[in-house]
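Shown next, in structure tokens, is the structure this report addresses.
FYI, it's all coordinate maths here, none of it is from the lab. Keep in mind the model is a prediction, meaning the values are calculated, not measured. Here the Cβ positions follow ideal geometry from the backbone for every residue, glycine too, while neighbour counts run over all protein chains shown.
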């Protein structure tokens, strides 16, 4: 009988599950403030008090403006704002996956925002 190393004992049977976040953005200004076009493939800032680390996988259910359809998107945490700082809320920035709904979400958001993407208005991340 062989003994398992501590690493094997903690890994066996416990695969980390992605965080699930649901986000409903009802206004174009809120979508502009949350969208991160400077992230490769696009991304969103999601206000949350849940604890995440950079690199964590998240599964998002997004409702955008008046569209009744929810977008299902997989992404990875690329930005952390652990505490509210001035006008920037606590939350995470999530980079869309190149597949798993990410391209669809990016195209939909950029279509909804149109010319507003060129605006110099501050966002939740910049």
Completion exercise
For the pair residue 99 and residue 69, the simple spin-label estimate (label points 7 Å beyond Cα toward Cβ) gives in nm 2.0
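Shape call for region 17-61 from the C-alpha gyration tensor, a ≥ b ≥ c root eigenvalues: rounded (a/c under 1.5), prolate (a/b greater than b/c) or oblate?
oblate
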Practice task
Please work out whether region 22-113 counts as rounded, prolate or oblate from its C-alpha gyration tensor, where a ≥ b ≥ c are the square roots of the eigenvalues and a/c under 1.5 means rounded, while otherwise a/b larger than b/c means prolate and anything else oblate?
Solution key: oblate
Completion exercise
Exposure proxy check on 20, 74: fewest-to-most Cβ neighbours within 10 Å is 20, 74
